[in-house]
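One structure is given here, and the rest of the page talks about it.
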Amino acid sequence: MTVTTRLGLSALDSLPIANRPLVRPGEVRPGIVHLGLGAFHRAHQAVYTEAAVAASGGNWGIVGIAPRSREILDQLREQDRLYSVLTAGGPADEARAIGILAGLGHAAGDPYGVVAAIADPGIRIVSMTVTEKAYRILDDGHFRAQLTGHAPPVSVPALLARGLLARRAAGAGPLTVLCCDNLQNNGPRIRDMVTRALAVAGAELPDDVAFPATMVDRIVPATSADHRRRAALALGADDAVPVVAEPFTQWVIEDRFPGGRPDWAAAGAILTDDVTPWETLKLRALNAVHSALAYLGALAGLPLIADSLELPGMPELLRRFLADEVALTVTPPPGVTVSGYGETVLVRFANRELGHRNLQVAMDGTQKLPHRLLGTIHHLRDLGAHSPWAALFLAAWMRFARGYADSGATLPLDDPLAERIREALAAAPDTPDGVVGALLELFPPALAGDDVVRREVIRWYTSLERYGAAATVREAFA
Ligand code: CS2
């Protein structure tokens, strides 16, 4: 069966009622500027915001800003800013159109347009999903030029800083900057980044701007041609830019919004005064396990996260990591246990319908691992303990970073520090000591200087090199 109608305003009334958007584009005015129009935002915060507006009203339409790619903007414009979310892995595929996008912008092509959007008095929240690597401050000439008006503000800190200054000049009122990326302490971190950027511009952080922390959670893989086909069938219209997501979704938000906020609680979000227990649990349990599956599975030559979980011994290994290491270093939120949380994570990772690729999760290891694994390692060292399982996962990343699977097939290294990794590897002997020593240098010095950690990583690296990932996992407890 093929579908011939293209998603757009005129197609909506012919869709099954359950597939129609809860809000139609143009029905509410913009209240949020969102930086990063990727799949994750469209399947997570946009869905919550649409449901919140449908339940409780408010002008909280989202102006979606694509950082680089113009293609997504063109496609969304052709569809009257509508797209669909395909929920995969439940009893049957489900798809629904989302209509909360109230405007579109392009950071690379029109940075001053983004600054103007942030300065609009109707906007009361600037949120972002720009991935871990966008939070590096590269304090170089180009960064400074973006803040002193000598170059267009294209980086995230520059857009925010220039946007806040324009907002103050326009008397546009209080604002909340809401970081929705997977970083430990994401609120304070972005506050610090903006403060530093403003200092370069010779300004101080205005006191009517808040930076609450959030924990975001939903698995949203890259959309494949198969997902597009399935989205069209489930939706009843062709969509050039659907996103695919698992049934599970969670959002925990620190409730500090000086300019107000949508009624996200009505959409199922948890509003709280302390996100830290959620954030730490998610990064150190879910995301750490995800990275472990990605590197070990990729080394074993497996394409999907769901495949990696089927490696003999893998679920046991991950449970041991959760029980022996994560559980000792996190205090979960009330009513949640690390082992119960871990079990739901394993069920979610087994969702084969998502087609989530190991190589996608494996990207940007140098930016992700500090939040996911290194905190656990440091924390256990502070307790006088050690962390053999976390060391195995770190060793797997190092094997991965060399660029070859156990079969000898090449593996792509997609990481902002790829050049430094290659240089470090080229300068070191290709032995376990050499590789581990060279790559530990990329992380904070406390790690490289810890002999216990170094020896443990070398031991696992040696096993991975000699026997491969599958055998190392299978015999991890031997
Ligand atoms: C994944 C996350 O790509 C990755 O590194 O671990 O994107 C993960 O799917 C989400 O954090 C789930 O909420």
Out of all the residues in segment 396-419, which are touching a residue at least 12 places away in the same chain (Cβ under 8 Å) and more than 23 Å from the chain's Cα centre (by Cα)?
-> R399, R402, A405, D406, S407, A409
When you look at D239, is it within 21 Å of A92 (Cα to Cα), surrounded by fewer than 22 Cβ atoms within 10 Å (Cβ to Cβ) and touching a residue at least 60 places away in the same chain (Cβ under 8 Å), yes or no?
-> no
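Do we have D181 as acidic (D, E), under 18 Å from the mean Cα position of the chain (by Cα) and not in a helix (DSSP H, G or I) here? Steps first, please.
Values: acidic (D, E): yes; under 18 Å from the mean Cα position of the chain (by Cα): yes; not in a helix (DSSP H, G or I): yes.
When the stated conditions are applied, D181 passes them.
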Inspect segment 186-208 for any residue being closer than 30 Å to H142 by Cα and within 15 Å of the ligand (Cβ to nearest atom) and give the result as yes or no.
-> yes
For segment 271-291, pairs from a residue that is in the same structural domain as L328 (by the TED database) and among the charged types (D, E, K, R) to a residue that is away from the ligand (no atom under 12 Å from the Cβ) and in a helix (DSSP H, G or I), with Cβ under 7 Å and 6 or more apart or across chains, are R284/V326; R284/T329; R284/G375; R284/T376
Looking at segment 210-233, which of the residues that are buried (at least 21 other Cβ atoms within 10 Å of the Cβ) and more than 16 Å from the ligand (Cβ to nearest atom) is farthest from I253 (Cα to Cα)?
-> A232
Scan the helices (runs of 4 or more DSSP H) fully inside segment 353-466 and keep the ones with 2 or more residues being more than 20 Å from Q184 (Cβ to Cβ) and more than 16 Å from the ligand (Cβ to nearest atom).
-> 388-401, 418-427, 432-440
Among the strands (runs of 3 or more DSSP E) confined wholly to segment 198-306, which include 1 or more residues that are under 18 Å from the mean Cα position of the chain (by Cα)?
-> 214-217, 243-245, 250-254
Going by the conditions given, is G297 in contact (Cβ under 8 Å) with a residue 40 or more places away in the chain, surrounded by fewer than 23 Cβ atoms within 10 Å (Cβ to Cβ) and either more than 22 Å from T331 (Cβ to Cβ) or within 12 Å of the ligand (Cβ to nearest atom) (or both)?
-> no
G355 vs. criteria at positive phi and buried (at least 19 other Cβ atoms within 10 Å of the Cβ) | yes
Members of segment 143-178 that are surrounded by 19 or more Cβ atoms within 10 Å (Cβ to Cβ), free of Cβ contacts under 8 Å to residues at least 24 places away in the same chain and either out of contact with any helix residue (DSSP H, G or I) (no Cβ under 8 Å at 6 or more places or on another chain) or outside any helix (DSSP H, G or I) (or both) | S155
Among the residues of segment 325-332, is any more than 16 Å from the ligand (Cβ to nearest atom), assigned to a helix (DSSP H, G or I), of a type outside the set (G, A, S) and not assigned by the TED database to the domain that holds V361?
-> no
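Residue-wise test of (1) farther than 22 Å from H378 by Cα; (2) of a type in the set (K, R).
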| residue | (1), (2) |
| --- | --- |
| R319 | no, yes |
| A327 | no, no |
| T331 | no, no |
| G342 | no, no |
| L346 | yes, no |
| A350 | yes, no |
| Q360 | yes, no |
Any idea which of (1) under 28 Å from A88 (Cα atoms); (2) touching a residue at least 40 places away in the same chain (Cβ under 8 Å) is the one V347 doesn't satisfy?
-> (2)
Over segment 150-178, the set of residues over 23 Å from D207 (Cα atoms) and over 28 Å from the mean Cα position of the chain (by Cα) is H150, A151
For segment 305-313, indicate whether the set of residues that are away from the ligand (no atom under 13 Å from the Cβ), out of contact with any helix residue (DSSP H, G or I) (no Cβ under 7 Å at 6 or more places or on another chain) and more than 14 Å from N182 (Cα to Cα) is non-empty.
-> yes
Unmet criterion (only one of (1) within 15 Å of the ligand (Cβ to nearest atom); (2) under 19 Å from H44 (Cβ atoms); (3) in contact with a helix residue (DSSP H, G or I) (Cβ under 7 Å, 6 or more places away or on another chain)) for P262 | (1)
Test for P247: is it at pLDDT 95 or above and away from the ligand (no atom under 16 Å from the Cβ) | no
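The values are calculated or read from the model by the stated rules, or taken from the named source; none is laboratory data. All values reported here derive from a predicted model rather than from experimental measurement. Cβ coordinates were reconstructed from backbone atoms using ideal geometry, including for glycine residues, and neighbour counts include every protein chain displayed.
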